[in-house]
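Heads up: the structure comes next, in structure tokens.
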Amino acid sequence: MARKPKQYEDDDGRTIVNMNVEGMPWYDARLKREKRKEARAELKEKIARGEAMTTRETIRYTFYAVLAGLAAVGVIAGGVCLFILILWLLWK
């Protein structure tokens, strides 16, 4: 048996305020996707023309890769430390 939605006498179905605000979980991600596609297309055009990345871009992407690696190592090391702590507490 399905519940019936509540009906209010003063509700005429109009939208009072647009709640599609950036930062909210339900924000229109279509705009972000379009910007990302445009950036990728621009990067592909640069690669097709044979343009190399600037020094600043190279440093930035290298830094991001190092941070991603450190994050992965940190998660694994944290799990190992937690595992050893639990085993140590059980051994006592």
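Read-outs: derived from the displayed coordinates by stated rules, not from any lab. The structure presented is a predicted model; accordingly, all values stated were derived computationally and were not measured. Here the Cβ positions follow ideal geometry from the backbone for every residue, glycine too, while neighbour counts run over all protein chains shown.
With all pairs of separate Cα atoms included, region 48-92 yields a Kirkwood hydrodynamic radius of 13.5 Å. Just tell me the longest site-free run in the chain, where the sites are chymotrypsin sites (Phe, Trp or Tyr not before Pro) in a DSSP loop having at most 15 other beta-carbon atoms within 10 Å. Counting at most 15 other Cβ atoms within 10 Å as exposed, the longest clean stretch of the chain is 28-92. Of LEU43, LEU70, LEU82, which is the most mobile in a GNM of the chain whose springs link Cα atoms less than 10 angstrom apart? In this elastic network of the chain, the residue with the biggest mean-square fluctuation among LEU43, LEU70, LEU82 is LEU82.
Extension gain, MET24 to LYS46, is 4.5 nm, computed as 0.36 nm per intervening residue step minus the present C-alpha separation.
Of all the options ARG60, ARG30, ARG14, the one that moves most in a Gaussian network model of the chain with Cα springs shorter than 10 angstrom is ARG14.
Sorted from longest to shortest, the spans of the Cα atoms of the chain along the three principal axes equal 65, 59, 24 Å. Between ILE76, ILE16, ILE47, which gets the highest mean-square fluctuation from a Gaussian network model of the chain, Cα cutoff 10 Å? The residue with the greatest mean-square fluctuation here is ILE16. Here the gap between LEU90 and TYR64, fully extended at 0.36 nm per residue and compared with their Cα-Cα distance, gives a gain of 5.5 nm.
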